[in-house]
Amino acid sequence: MEISSCITSLLRRPLDEVNDVCNAILTVSTNILDDASHPGARTLPITSVACVGDALDCLKQAGFQINSHELYLPENEPTVKLKSLRDELLAQKLQLMLEVIDSGKPLSSYKPNRNRSNLAKERLDLVKYGVDIQRKEANFYRKLVSTSDFVLTYEDKTLQREALNVIPLDEIKENSLKKAESVEEGVGELDLDDYLVVELMNWFKYKFFSWVNKLQCDICEGKTEAVGGLEPDASDLRWGATRVEGYRCG
């Protein structure tokens, strides 16, 4: 059975039954096509699609194999068929969803309409639109995971001790207490912790570092001119800097 025939059989089922299955196939397909080297990108839990036999047929046609608990695409398997599966499934699913919206009926009671004269053009347009959405969602997810992982560095006890060695806590606490005591009762009162945060921010902004609009030249100590953004090198990425500004001696 060819991929197009598998997809046609899959989407003959009620959309409310196969919607999650279609989304699982589209997600794993897009992840592989965008970044096949990413760990786990070439696998899909068999429970995600096992409830619908036509879905398994679609993935097998695209080159997926099955072991005891997951479907996987071998590393030496070309992705041409997988791209065909992703594009065709996405086009047909998006078209059906638009038809459902136009009909005003719930997914469970909608019967697909296949008598449309401009179906080929609509499919092409929907593929371009849908693939773009899938790619943006995948990129957003990777960015979300990366940012979440980075935030965890703030829980590092060693880094916290290093930071506390630099922060003048006694001075900040003393200034916080003075401000809290100087506020008239009932006028903009805050908790002592609030004043502590404000004092910490003031110290960080005005004492810990200096604002720099244009860097000073390392050689002549003269003014520099901005030359735009640069690719971050290993030392930048080590500290989480993904945007780098370049300057040259003026």
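The values are calculated or read from the model by the stated rules, or taken from the named source; none is laboratory data. Model, not experiment: these values are computed from the prediction. Every residue, glycine as well, gets a Cβ built from its backbone with ideal geometry; the counts of neighbours run over all protein chains shown. Just so you know, the surface numbers come from the protein's heavy atoms only, side chains and all, with ligands and any DNA or RNA stripped out. Shrake-Rupley method; radii C 1.70, N 1.55, O 1.52, S 1.80 Å.
In the assembled protein chains, ILE167 presents an accessible area of approximately 40 Å² (probe radius 1.4 Å).
Each residue of segment 155-163 was assigned a 3J(HN,Hα) from its phi angle through the Karplus curve 6.51 cos²θ - 1.76 cosθ + 1.60 (θ = phi - 60°); the sequence is 8, 5, 5, 5, 5, 5, 5, 4, 5 Hz, with glycine and proline shown as x.
When PHE209, PHE204 are compared by accessible area of protein heavy atoms, the largest-first order is PHE204, PHE209, using a 1.4 Å probe. A 1.4 Å probe, protein heavy atoms only, puts the accessible area of LYS179 near 90 Å². Can you list residues from other chains, or at least 5 along the same chain, whose modelled amide H is less than 5 Å from the amide H of TYR247? Correct list: VAL227. Our coupling estimate for segment 166-183, obtained by passing each phi through the Karplus curve with A = 6.51, B = -1.76, C = 1.60 and θ = phi - 60°, is 9, 6, x, 4, 4, 5, 5, 5, 5, 5, 5, 5, 4, 5, 5, 6, 7, 7 Hz, Gly and Pro reported as x. Computed from backbone phi, the HN-Hα couplings of segment 85-97 come to 4, 4, 5, 5, 5, 4, 4, 5, 5, 4, 4, 5, 5 Hz, rounded to whole numbers (Karplus: 6.51 cos²θ - 1.76 cosθ + 1.60, θ = phi - 60°; Gly and Pro given as x). Sorting MET97, MET201 on solvent-accessible area from highest to lowest, probe radius 1.4 Å, gives MET201, MET97. Highest-first packing order for the peptide set 55-62, 5-12 is 55-62, 5-12, based on the mean count of other beta carbon atoms within 10 Å. Under 5 Å between amide hydrogens, built in the peptide plane, is the criterion, and for GLU70 it picks out ILE46 among residues at least 5 positions away or on other chains.
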